[in-house]
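This report refers to the structure that appears directly beneath it.
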Amino acid sequence: MEPGNVVGILLILLLVLVVVSVFRAIFKVHQGYTVIVERLGRYHKTYQPGLHFLVPFFDTIRQRIDMREQVVPFPPQTVITSDNINVSIDTVIYYQITNPEAATYEIANPMSAIEQLSVTTMRNIIGTMDMEQALTGRDQINGQLRGVLDEATGRWGIRVSRVELKAIDPPATVQSAMEQQMKAERDRRAAILTAEGVKQSAILTAEGEKQSAILRAEGQAQSTILKAQGESRAILQVFDAIHRGNADPKLLSYEYIRMLPQIAQSSSSKLWMIPSDLTSALDAVSKGFSQPADADDDDSDANDVPGAPRVRFPEKGEIADALASTNLPDIDQALADAKGEANKATDVAAESGQQSGRRYNPDAEAGQRPDLPGGI
């Protein structure tokens, strides 16, 4: 081979080597990543995201590190609680690399180290708790586990931001017993709530009956008072009308005789006794009808009943004037007065019951009130 050809081949090879070296010396780092560069086998520099140049045949890339926060699930681990129950716990670790150099040169396999450290720490924490505490103390377990892992991984350039327990699975027998316990607790609460409802219902019913009895007794008392007052007013008005009309013994005898058939018509009358003064009344009536119409009233009165006082019969105009002046009181005022008297009587009975140490019962004290009509 001619020397010129050999030189040409060498120049071509050199040119190819230079081109390849230039392409290998130029590289880019993506956002969220860092690159550890070694020069002649020693740590040289950490390249951040962007375009960088390497010295050919001297600088080499040791590791490309992801600087984003990462999530690593660990397989279930069997842990024994303080009451000797085996539980299976799944954990999830959230971590982020904060120092790429330490994560590269301080620990060989950081994920395996974190997994083993989390398992041993979790067993130490769960071993001091019973089953109930382990199921209800997830936040406490997460906090303690995160604190231990963050302290241990800090010198490795790794920050553990979060530790979560995905599941705590007790054995099937323990889970069945827990379900029965929860069912019994719910049944107990339901029974308590039912009893409370029945109690409140009975109390409200008794209170309603009490208020109803009190109002009914007050209504009966007011009704009896108003009825007695009405009857007394009617008797007074009738008596006043008779008194103003100057009724003579003849009229009274006639009314007496007229009421006797009504007494005899009563269905409860088994025996009817004739009064001894019936003959005297009949004689007075017969004498009254046997006298002439124009006879002197004064003489007839004196002759009919010996020793009777002289009675002057008023004229029709005088009787009309007397009846017109006899008016019943206003019904609203009478009702208001009756209600006031009933309330006053109720207050007096309540005060006397409190002083004597017993409660006032309107129904029980009916018939014991001499100051109220009808025994109210």
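Laboratory data are not the source of any read-out in this text; all were calculated from the coordinates shown. On a predicted model such as this, the values are computed, not experimentally measured, just so you know.
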Extent along principal axes [Cα atoms of segment 76-147; Å; largest to smallest]: 44, 19, 16
Dimensions in Å of segment 41-181 - Rg and Dmax from alpha carbons: 20.1, 73
